[in-house]
Amino acid sequence: MTHAPSDRFTAQAVEKNLSTQHLGKTILVYDEVESTNDLLKTIMHEPHYNGLVVFAKNQRRGKGREGRTWTAPADSSILCSSLIHLEGQPHDLAGPISLVCAVAVAQALIHTFQIPVRIKWPNDIYCDGKKLAGILIESSKIRPDQVAFILGIGINLTQQPIDFPPELRDTAVSVAQVLGRPLEPDEKIFLARRVIKELDDQLERMLQKNYDQLRHDWLHLAGGPDQPVIVTRQNQTFNARIIDIDYRDNSLLVQNPGGLILHLKQNTCKII
Amino acid sequence: MEIQHIRDLIGLMKENELTEVRIIEGETRLLLKRGSAPVDAPMTLAPAMPAPLQIATPQAAAPAAAPAAKPAEEPGETINSPMVGTFYAAPSPDSEPFVRVGDHVHADTVVCIVEAMKVMNEIKAETSGTIQKVLVQNAQAVEFGQPLFQIKPD
């Protein structure tokens, strides 16, 4: 058997022995949806659905940023969206929630498969220099002091190079490729459960305002302080080293070879 | 204080590689800061200053030294960005914009997305009225509090 039979991937299987505080009291698994994020968007304002987690075995119209699509053959990936309502303002929550997702997905992959993943600023998940998982977070203010977040996660599991669109073959990778073997039937279930558990743990940490630990974990999973990066900004490309994260302006602090410390914003530069 | 004086001071700062000069002369207070990095690069762990050069003058000071008028001066009410990020007028590049000039919006109408830290934040009008003007370009970087739309309230 080379692929996990998709009929074993059920909500009951995922939630078995799952103990969480915020997410996953209800888990739904769909055979096919347009996009798991769009599904949650229609009900994101409803307090009743706070904590809902949905998985899809197949997406007809998976979404990435800036209108890009997230393509995955049926049953090849974890395609998951979670809804969480958080107290606060969008500008205070956007930075921490972005890091929460990155740390949770990275930890889930490391614990389930013992593979060397690395976070790229702020929340892409790479392995062997190729993209293994992507995160798309959408938010909407639902009350003066409350924001609803949809945490969309896509993890490549069983794809071989031929399964990726030609333009992504050199830049995308799957867990099966990294491991060099097909996945066992239950491994997708283990990973799905672990993703929810890690997300829940990180959310709890965020609610406890333990931002220092979150920052520390992110930096560790990004290769540690001093991790070399290549920065492209305003048509200039230069080498730098990661120093820290600054929550105050949602920037990554890096030091350039001249010793200057730069605050890099996600929307003004590319960091590899 | 004459503009030429300020220019001279900036020249002296460059010559002597000074990053900050404060001058108080009677009613006039002047603070000049310069960074040596190409763009939004501060020297310390403090959050980035929006501009490498700042001129602070008291209310009555010469208007010549004031920065150019910002879109904040637009008449009527505005819908402002609640965060630093990137403005998107539509849900995706090939979609119709959330709103156009002339559209009537109410408090819950989504008017745009501002992306920060890869979080796509829906921005709502939070008031009802008619969109009169879109004040920023699609995919433009926006600051906290920057007016995005001019709106004529009902």
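I'm checking a number: the convex hull volume of the Cα atoms of region A:1-129, normalised per residue, in Å³. What is it? It would help to have the intermediate numbers written out before the result.
Values: hull volume 18.9 nm³, N = 129.
So the per-residue Cα hull volume is 147 Å³.
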Residues A:69, A:20 arranged by fewest to most Cβ contacts within 10 Å = A:69, A:20
P(r) tail fraction, region A:225-271 - alpha-carbon pairs more than 11 Å apart, % = 63
Place a +1 charge on the Cβ of each Lys and Arg in region A:225-271 and a -1 charge on the Cβ of each Asp and Glu, then give the dipole magnitude about the Cα centre in debye, rounded to the nearest 20.
-> 180
So if R0 is 35 Å, what FRET efficiency would residue B:12 and residue A:272 give, r being the distance between their Cβ atoms, rounded to the nearest 0.05?
-> 0.30
At each listed q (0.12, 0.13, 0.20 Å⁻¹), what is the log10 of I(q)/I(0) that the Debye formula gives for region A:137-272 modelled as equal alpha-carbon point scatterers?
-> -0.74, -0.87, -1.27
Over all Cα pairs of the protein assembly as shown, how is the pair count split among 20 Å bins, expressed in % and running from 0 up to the last occupied bin?
-> 24, 52, 21, 3, 0
Charge tally in the Cβ shell below 14 Å around residue A:197, where Lys, Arg are +1 and Asp, Glu are -1, residue A:197 excluded = 0
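Just counting partner chain Cβ atoms within 10 Å, what average do the residues of peptide A:138-144 show around their Cβ?
Numbers: counts 7, 7, 8, 7, 3, 0, 1.
Average neighbour count from other chains, rounded to a whole number: 5.
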For residue B:98, the residues 5 or more places away or on another chain with a placed amide H closer than 5 Å to its own amide H are B:90
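Give the dimensionless ratio obtained when the Cα radius of gyration of region A:101-142 is divided by 2.2 N^0.38 Å. Show your work: numbers first, answer last.
Working: Rg = 11.6 Å, N = 42, 2.2 N^0.38 = 9.1 Å.
My calculation over the Cα atoms of region A:101-142 gives 1.27.
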Mind checking Rg over Rh on region A:6-220, alpha carbons, Kirkwood formula for Rh?
-> 0.94
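Where a number appears in this text, it was derived from the coordinates with a stated rule and is not lab data. Computed from a predicted structure; not experimentally measured. All Cβ positions, glycine included, derive from the backbone under ideal geometry; neighbour counts span all protein chains shown.
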